[in-house]
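Below you'll find the structure, written out as structure tokens, and then a few comments.
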Amino acid sequence: MSARQPGGAFTADVTGPEHGENGFAVFRRAWDTQTGEALPLPSLDTGERGAFRIGVRAARAHDAVIADVRFAHFRGRTSGPGEGGDRVLVHLMRQGSWRFTGLGGGEADVTVPDGSFLARRNGPPTSFDVRPGSRATVLILPPSVLQGVSGGRPVLGSNRSSEMRVLMAHARMVRETVRDLGPAGLLGARDALLELTRGALRREFDAVEPRLAPALARAAMELADEHLAEPDLSPSLLARRLNVSVRTLHRAFATAEEPVAAYVRRRRLEQARRELLTPWDRPSIAEAAARWHFADSSHFARAFKKQYGEAPSRMIAAAEEERRLRQADSHRPSAWEAPSGSERPGRRTGNDFPLLGNAN
């Protein structure tokens, strides 16, 4: 990725101890090469040897970057806004914690725990310390996203709000598809990312904005996946959790070419199929139907056959037969493993040949 390109993907991994104190230098070279001069990386003082050991998978859409980061060791101090430019960083913690000291020029510590986010300007020098093993998504955005939000001061909140769920779903979609987006798609992805970030920080979501419908549908899918085992999972429950109307939710799912109820049914069938193919602790078909909230085993069998082209009983029987054949093959002696008390196949004893001088 060069500065002339408006978007693309970026990866770097300096988690290995072989990088030692040079981890940041190696990472910076990769970053500058792949993202270009348009998005310079601020300087960091990581102090001790081996304090910068991270792995990153990132996507760039114009002046916005979405980076999924895993931390083996990350501790140090930023240099301030000069070299890195005036940016807003949104730290979305998915595992572990990230502690900051000196945000906004103050002295107090701010810790961002698992399931929380921090939005801040790339301002005065700030010390940071990330718990080893942590994972986070970091958004690097233009400063306009903080306009009108808390006077530009750092914002700390929960990742579980409806607005933040939609933002994170959109960020994942952009990172997954950025290589396939054309110029118009990249610009639309960037604009939607900024709009969703503003909405998340203000606790507002423009549910009628058509550009945000795919992100809303993705957030609803991810929320449904978390609650597949719950009997009251429904479009109305998802809409309520995402703070939108049921009509808005159905309209968003039109972009996914699959109604909400169809998505939930398909995902429950996938879970049931996985359980029925498990060779140990396998439930009965009736138990699987009840666990995944089908009316009865007949209803479940019809839905299963419609999705997979065969009845669950036939699928189980075929899987068992394939497993039996594999086990039989694994115990069958090879050509050089003769049964006990016999010769190896193909090996002839002296009695198999006529003795010299005894042609009769």
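General observations
- Beta carbons closer than 8 Å, at least 6 apart along the sequence or on distinct chains, pair a first residue in region 304-319 that is more than 17 Å from A286 (Cα to Cα) with a second that is of a type in the set (A, V, I, L, M, F, W, C) for Q307/L269; Y308/L269; Y308/M315; A319/L277.
- T349 falls short on exactly one of the conditions (1) β-branched (V, I, T); (2) exposed (fewer than 10 other Cβ atoms within 10 Å of the Cβ); (3) at pLDDT 65 or above, and that condition is (3).
- Of all the listed residues (P124, P113), the sole one being surrounded by fewer than 16 Cβ atoms within 10 Å (Cβ to Cβ) and at pLDDT 90 or above is P113.
- All of A272, A217, A288, A213 fail the test of being in a helix (DSSP H, G or I), in contact with a Leu (Cβ under 7 Å, 6 or more places away or on another chain), free of Cβ contacts under 8 Å to residues at least 60 places away in the same chain and open to solvent by less than 60 Å² (accessible area, probe 1.4 Å), apart from A288.
- Lone unmet requirement of (1) surrounded by 10 or more Cβ atoms within 10 Å (Cβ to Cβ); (2) more than 30 Å from A213 (Cβ to Cβ); (3) at pLDDT below 90; (4) touching a helix residue (DSSP H, G or I) at 6+ places or on another chain (Cβ under 8 Å) for I316: (3)
- Counted residues, region 127-155 - those being outside any loop (DSSP other than H, G, I, E, B) and surrounded by 15 or more Cβ atoms within 10 Å (Cβ to Cβ): 15
- Taking (1) touching a strand residue (DSSP E or B) at 6+ places or on another chain (Cβ under 9 Å); (2) surrounded by fewer than 20 Cβ atoms within 10 Å (Cβ to Cβ) in turn, S161 satisfies each apart from (1).
- Residues that are at pLDDT 95 or above, among the basic types (K, R) and under 30 Å from P210 (Cα atoms) within region 242-280 comprise R265, R266, R267, R268, listed in sequence order.
Here is a yes/no grid of residues against (1) β-branched (V, I, T); (2) at pLDDT 85 or above; (3) under 25 Å from S144 (Cβ atoms); (4) out of contact with any Cys (no Cβ under 8 Å at 6 or more places or on another chain):
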{"site": "T46", "(1), (2), (3), (4)": "yes, no, no, yes"}
{"site": "A58", "(1), (2), (3), (4)": "no, yes, yes, yes"}
{"site": "D68", "(1), (2), (3), (4)": "no, yes, yes, yes"}
{"site": "E83", "(1), (2), (3), (4)": "no, no, yes, yes"}
{"site": "V88", "(1), (2), (3), (4)": "yes, yes, yes, yes"}
{"site": "H91", "(1), (2), (3), (4)": "no, yes, yes, yes"}
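- Taking the criterion of being on the phi < 0 side of the Ramachandran plot and touching a residue at least 24 places away in the same chain (Cβ under 8 Å), the residues of region 198-210 that qualify are R198, G199, A200, L201, R202, E204, F205, A207, V208.
- Criterion violated by A229 - all others in (1) at pLDDT 90 or above; (2) among the hydrophobic types (A, V, I, L, M, F, W, C); (3) part of a loop (DSSP other than H, G, I, E, B); (4) surrounded by 20 or more Cβ atoms within 10 Å (Cβ to Cβ) satisfied: (4)
- Test: residue in region 260-267 that is part of a helix (DSSP H, G or I) and among the aromatic types (F, W, Y): yes
- Selection of region 156-169 for residues being part of a loop (DSSP other than H, G, I, E, B) and either closer than 11 Å to H91 by Cβ or of a type in the set (K, R) (or both) yields N159, R160.
The values are calculated or read from the model by the stated rules, or taken from the named source; none is laboratory data. Treat the numbers as computed from the prediction; the structure is a model and nothing was measured. Methodologically, a virtual Cβ is constructed for each residue, glycine included, from the backbone with ideal geometry; neighbour enumeration extends over all protein chains shown. Note: accessible area is taken over every heavy atom of the protein model, side chains too, but ligands, DNA and RNA are not part of it. Shrake-Rupley method; radii C 1.70, N 1.55, O 1.52, S 1.80 Å.
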